[in-house]
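First the structure, in the form of structure tokens, and then the observations on it.
The values are calculated or read from the model by the stated rules, or taken from the named source; none is laboratory data. On a predicted model such as this, the values are computed, not experimentally measured, just so you know. Cβ: placed from backbone, ideal geometry, glycine included. Neighbour counts: every protein chain shown. Ligands, DNA and RNA are excluded from the accessible area calculation, which covers all protein heavy atoms including side chains. Shrake-Rupley method; radii C 1.70, N 1.55, O 1.52, S 1.80 Å.
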Amino acid sequence: MKNLKAACILTATIILTSLLTISSQGWAAKYELTRNSIEEAKEINAAEISLYRVKLGDPEATAVEALVEARISGVRAEQEGTFILLWDKENPTGAMAGVRITDGKVDLIFINNRFAHKVRGIFRHILGAKSTKEIRDLLGPEDFPNETLMGAKLLYEKQGFLVNFLERQVNVEFCLGCQDLFSGF
């Protein structure tokens, strides 16, 4: 009887462990902007990026639940039109990150230099960059350069993101196939 009970407990433990492993792999993105520290530019793909567990293609309900209804430490979230904007509670001078929802799905994730203290990995360095040369040193040459006297748009289309650089203002937009994002090139 003891052996049967021990076998049942062992079997239940193995099943529970495997279920938790499978569900966490499906739930987590490869690069959570606030948790994972990826330093290699070649490893970045917009399809594998998440902002507080919200990925491109997620339904609006998932985004609202994760960003607006959940209490994120030090962050105030607001839904304005098609955007969910995240503000730093200590310095609410402008949105520091957010998502755009089109046709009921997240189609754009953006972060800017106000978010540098929360982001991890290579994007912390990019958001703190003082020149386009620094950004290119980190990410490599862009697919389509668009540089003017005012600033630069560095499009990494194959990886699904755009870096906007205007003196001290840096903005990164992640999007898969967004024509409005790439239309300026």
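Computed from the C-beta positions of E157 and R71 and an R0 of 30 Å, the FRET efficiency is 0.25 to the nearest 0.05. Computed with a 1.4 Å probe over protein heavy atoms only, the accessible area of R76 comes to about 90 Å². Computed from label points 7 Å out along Cα-Cβ, the spacing between T62 and H117 is 3.0 nm. The heavy atoms of E134 offer some 70 square angstrom of accessible surface to a 1.4 angstrom probe.
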